[in-house]
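Below is one structure, written out as structure tokens, with a few remarks after it.
The values are calculated or read from the model by the stated rules, or taken from the named source; none is laboratory data. Only a predicted model underlies this, so the values are computations on that prediction, with no experimental measurement involved. Neighbour counts run over all protein chains shown; Cβ positions are idealised from the backbone, glycine included. What goes into the accessible areas is simple: the full protein's heavy atoms, side chains included, and nothing from ligands, DNA or RNA. Shrake-Rupley method; radii C 1.70, N 1.55, O 1.52, S 1.80 Å.
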Amino acid sequence: MPIQKTVEQGECISSIGDEHGFFWSTIWNHADNADLKQLRKDPNALLEGDLVVIPDKTIKEESCATEKTHKFKKKGTPAKIKIRLMLDDEPRKNEPYKLNIDGKWVKDGKTDGNGYVECSIPAGAKQGELRVGSGNDLQIFQLGLGTLDPADTESGAEDRLIGLGYGVNGDISAALKAFQEKEALTVSGDLDDATIAKLKEKYGQ
């Protein structure tokens, strides 16, 4: 029988699917999760306490010759991490970097012409470290994977504002006002629909 899972902090559909042996899309697009999908929109931004239905597995049978060895390959859908590095609203292009995921160095190179770092990672990855630059210019960023709350929550908005370079310092209203002014929105300090949409847009870029 299908089971209901309560989402914990740091979990997303990719990690839940990996834990239970499903493609993330199988769970996200399942009819029993339609309300959750409509509410959250983004499979990688769930809120602690959300309920996710884990469906029954479908048994698949294959015809094979007896008394022979057969190989079956497990399919997987790795998640992807995509980070854009900016400085004074300009992309930090062609900067050397090293990316560590769950204690393993998985990629090194240079940011592309738009300042992006992009890499496939395990769906169940929990944390990472991004090192950018070298010598005295080295910067180290700690990454919490799957920890981003939905944009329409205060915690989710705060994390996106910090990621976009706005200092929150315990006063999200001031940070929202600065963001709204810069993006030519109504400056209210409130997390209204227009601000949420713009946060999603700018953070997604």
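Of the strands (runs of 3 or more DSSP E) that lie entirely inside region 1-111, those containing 1 or more residues that are within 14 Å of L145 (Cβ to Cβ) span 79-84, 96-101, 104-110. Among the residues that make up region 139-162, is at least one of them touching a Pro at 6+ places or on another chain (Cβ under 8 Å), surrounded by 15 or more Cβ atoms within 10 Å (Cβ to Cβ) and among the aliphatic types (A, V, I, L, M)? No: region 139-162 contains no residue that is touching a Pro at 6+ places or on another chain (Cβ under 8 Å), surrounded by 15 or more Cβ atoms within 10 Å (Cβ to Cβ) and among the aliphatic types (A, V, I, L, M). Being modelled with pLDDT of 95 or more, β-branched (V, I, T) and either within 29 Å of F179 (Cα to Cα) or loosely packed, with under 10 Cβ neighbours inside 10 Å (or both) holds for only one residue in T111, T58, T69, and it is T111. Here region 30-46 is the region considered, the condition is being among the hydrophobic types (A, V, I, L, M, F, W, C) and open to solvent by less than 90 Å² (accessible area, probe 1.4 Å), and the residue that is nearest to K80 (Cα to Cα) is A45. When each of A174, A123, A197, A184 is tested for being out of contact with any Lys or Arg (no Cβ under 6 Å at 6 or more places or on another chain), buried (at least 19 other Cβ atoms within 10 Å of the Cβ) and of a type in the set (A, V, I, L, M, F, W, C), the lone residue that passes is A123. Among the residues of region 120-132, those that are closer than 25 Å to K93 by Cβ and at pLDDT below 95 comprise S120, I121. Apart from one condition, I27 fits all of (1) aliphatic (A, V, I, L, M); (2) at pLDDT below 95; (3) crowded, with 16+ Cβ neighbours inside 10 Å; (4) out of contact with any Asp or Glu (no Cβ under 7 Å at 6 or more places or on another chain); the exception is (2). Checking each residue in region 72-100 for being charged (D, E, K, R) and either at negative phi or surrounded by 10 or more Cβ atoms within 10 Å (Cβ to Cβ) (or both) picks out K73, K74, K75, K80, K82, R84, E90, R92, K93, E95, K98.
Sub-6 Å Cβ pairs linking a first residue in region 47-64 that is under 13 Å from K5 (Cβ atoms) to a second residue that is modelled with pLDDT of 95 or more and loosely packed, with under 10 Cβ neighbours inside 10 Å, at least 6 apart or interchain, are L51/Q4; V53/Q4, ordered by first then second residue.
One residue is enough: does region 13-22 have a residue meeting the conditions surrounded by fewer than 15 Cβ atoms within 10 Å (Cβ to Cβ), in contact (Cβ under 8 Å) with a residue 12 or more places away in the chain, over 13 Å from P55 (Cβ atoms) and not hydrophobic (A, V, I, L, M, F, W, C)? Among the residues of region 13-22, at least one is surrounded by fewer than 15 Cβ atoms within 10 Å (Cβ to Cβ), in contact (Cβ under 8 Å) with a residue 12 or more places away in the chain, over 13 Å from P55 (Cβ atoms) and not hydrophobic (A, V, I, L, M, F, W, C), which makes the answer yes.
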